[in-house]
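Reviewing the structure listed below.
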Amino acid sequence: MASNLDTLVTVFGGSGFVGRSVVRALCKRDYRIRVAVRRPELAGHLQPLGKVGQIHAVQANLRYPASIEAAMRDSHVAINLVGILAEGGAQTFDAVQAEGAAAVAKAAAAAGARMVHVSAIGADEKSPSHYARAKAAGEKAVLSAVASATILRPSVVFGPEDQFTNRFAALAQMSPALPLIGGGATKLQPVYVGDVATAVADAVDGKTKAGATYELGGPEVLTMREIMEIILLTIERHRMLVSLPFALAKLQALFLQFAPGPLKLTPDQVELLRSDNVVSQAAKAAGLTLEGLGIAPDSLEAIAPQYLWRFRKAGQFAHKGA
């Protein structure tokens with residue numbers, strides 16, 4: 001019987017937030033892993049996740065097909081995790097999430113490799129959000145090149161080093177009030193990064209349906225207001241939650257898109273918040289969910305205290321008068 005050690009998996013974007021968890025999950029299943037990133041010299045933090053020689057980092061940039069083809073050499077499976085939340089310079093939504101995904105899929109097809117592509121719930125070619133349109137274009141390109149590819153669409157992903165819960169927790173440290181864009185009524189289904197990684201590993205194992213699109217959400221559907229309340233309760237901070245109409249939020253985003261750190265907000269992100277980001281009834285009915293894969297998802301309330309505690313500790317003295 002063949003061992004997973006005989007299978008080489010190339011992970012594009014393996015050094016990022018989701019990538020670290022995916023590499024860890026694959027290591028536990030004894031796959032050989034090639035991590036394809038723009039700066040392989042900065043991927044050393046991945047080495048402790050596996051055994052000696054199990055993980056190898058190589059240089060690849062999704063804007064340069066030749067580098068992708070080189071990274072895919074002799075690989076059996078390609079995983080594409082590359083995505084951006086905001087554009088900057090040559091790193092545009094189309095270049096990274098549409099054309100980049102297409103380039104990975106073409107290289108996988110040329111190598112005769114299977115493919116797992118991580119997209120996002122809300123990917124829609126008719127969306128007013130450029131991010132969502134580019135995600136949809138990427139999915140279409142992947143399936144065009146590798147018809148048997150597995151598409152995984154997570155809702156907003158949370159966990160250590162995320163740019164979601166950590167962002168609002170950090171914002172709560174510096175501001176007496178937190179904004180609720182559109183009144184905080186938008187519904188999300190936060191999914192734990194470890195559960196997303198397990199789904200990716202299951203797809204590599206061959207447990208997913210060929211050519212199918214899975215929607216990955218946590219155990220609860222929460223409004224943005226409820227998520228903010230969970231974060232504030234976790235870090236033991238009392239902050240005002242101020243409703244901000246979409247029109248005003250978009251106007252502010254014209255300036256905040258240039259802001260640093262947790263203050264950054266782009267007009268496109270405001271557009272994304274106009275639509276709910278939850279697992280569809282169609283996906284549930286077809287079993288194309290975490291539960292359909294036999295994965296019991298972890299909740300935000302159960303996991304967040306494990307890594308947001310550092311914000312609580314920093315705010316102990318401010319808590320009494322906050």
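The values are calculated or read from the model by the stated rules, or taken from the named source; none is laboratory data. From a predicted model like this one, the values you see are computed outputs, not experimental measurements. All Cβ positions, even for glycine, are placed from backbone atoms using ideal geometry, and neighbour counts span all protein chains on display. Just the protein is used for accessible areas: all its heavy atoms, side chains included, with ligands, DNA and RNA removed. Shrake-Rupley method; radii C 1.70, N 1.55, O 1.52, S 1.80 Å.
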Using a 1.4 angstrom probe, figure out how much accessible area the stretch 160-224 has per residue, in square angstrom, rounded to the nearest whole. 34
What angle do you read, to the nearest 10 degrees and between 0 and 90, between the alpha-carbon axis of helix 193-205 and the longest principal axis of the chain? 20
Ranked output for segments 30-43, 256-269 by mean other Cβ atoms within 10 Å, highest leading, reads 30-43, 256-269
Report, in degrees rounded to the nearest 10, the 0 to 90 angle that the Cα long axis of helix 130-145 makes with the longest principal axis of the chain. 20
Counting other Cβ atoms within 10 Å of each Cβ, which trypsin sites (Lys or Arg not before Pro) in the stretch 189-247 have at most 10 and sit in a DSSP loop? none
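Summing -39500 (n - 2.57) over the DSSP H runs of n ≥ 4 in the chain and dividing by its residue number, what mean residue ellipticity at 222 nm do you reach, to the nearest 500 deg cm²/dmol?
So the helix-based figure for the chain works out to -11000 deg cm²/dmol.
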Listed residues ALA113, ALA71, ALA247, most fluctuating in the chain (Gaussian network, C-alpha, under 10 Å): ALA247
With springs only between Cα atoms under 10 Å, which of TYR131, TYR214, TYR64 fluctuates most in a Gaussian network model of the chain? TYR64
Please list, in order along the stretch 209-224, the HN-Hα scalar couplings obtained from phi with the Karplus expression 6.51 cos²θ - 1.76 cosθ + 1.60 (θ = phi - 60°), rounded to whole Hz, x for Gly and Pro. 7, 4, x, 8, 10, 9, 10, 10, x, x, x, 10, 9, 10, 7, 4
Just to be sure I follow: if Rg is taken over the C-alpha atoms of the stretch 65-214 and Rh is the Kirkwood radius over the same atoms, what is Rg/Rh? 1.01
Please work out the C-alpha center-to-center distance from the stretch 208-238 to the stretch 138-188 and express it in whole Å. 9
What FRET efficiency would be calculated for the residue pair SER299, LYS126, taking the C-beta separation as r and a Förster radius of 35 Å, to the nearest 0.05? 0.65
Quick one: Karplus J couplings for the stretch 251-264, per residue in order, coefficients 6.51, -1.76, 1.60, θ = phi - 60°, nearest Hz, x for Gly and Pro? 5, 5, 5, 4, 9, 6, 5, 9, 7, x, x, x, 7, 5
Per residue accessible area in Å² of the stretch 31-146, where ligands, DNA and RNA are left out and the probe is 1.4 Å: 45
What residues have an amide H closer than 5 Å to that of THR223, excluding those fewer than 5 places away on the same chain, when H is modeled at 1.01 Å from N in the peptide plane? LEU188
Using the Cα centre of the stretch 199-322 as origin and beta-carbon charges of +1 (Lys, Arg) and -1 (Asp, Glu), tell me which of THR208, PRO305, ALA259 is placed farthest towards the positive end of the dipole. ALA259
Going residue by residue through the stretch 176-182, the Karplus relation 6.51 cos²θ - 1.76 cosθ + 1.60 with θ = phi - 60° gives ³J(HN,Hα) values, rounded to whole Hz and with x marking Gly or Pro, of x, 9, 10, x, 10, 5, x
Charge sum, other residues only, whose C-beta stays under 15 Å from LEU300's C-beta, Lys/Arg counted +1 and Asp/Glu -1: -4
Net charge, TYR214 excluded, C-beta distance under 13 Å - Lys, Arg +1, Asp, Glu -1: -1
Charge sum, other residues only, whose C-beta stays under 14 Å from SER15's C-beta, Lys/Arg counted +1 and Asp/Glu -1: +3
In this model, which of LYS51/LYS140; LYS140/LYS284; LYS140/LYS209; LYS126/LYS250 are farther than 27 Å apart at the alpha-carbon? LYS51/LYS140
As an exercise, use a Förster radius of 30 Å and the Cβ-Cβ distance of ARG63 and GLU229 to find the FRET efficiency, rounded to the nearest 0.05. 0.15
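In nm, what is the difference between 0.36 nm times the number of residues separating ARG73 and ASP94 and their Cα-Cα distance?
5.0 nm
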How many percent of DSSP beta bridges within the chain run antiparallel, rounded to 5? 10
Which of rounded, prolate or oblate describes the stretch 105-171 when judged by the alpha-carbon gyration tensor and an a/c cut-off of 1.5? oblate
For LYS264, list the aspartates and glutamates whose Cα falls under 20 Å from its own Cα; do not include residues on the same chain fewer than 8 positions away. GLU87, GLU161, ASP162
Report the charge-dipole magnitude of the stretch 163-320 in Debye, nearest 20, computed about the Cα centre from +1 at each Lys and Arg Cβ and -1 at each Asp and Glu Cβ. 620
Considering the chain, what Rg and Dmax in Å follow from its alpha-carbon atoms? 19.6, 64
Can you pull the percent of the chain's accessible area that's carbon plus sulfur, 1.4 Å probe, other chains left in place? 56
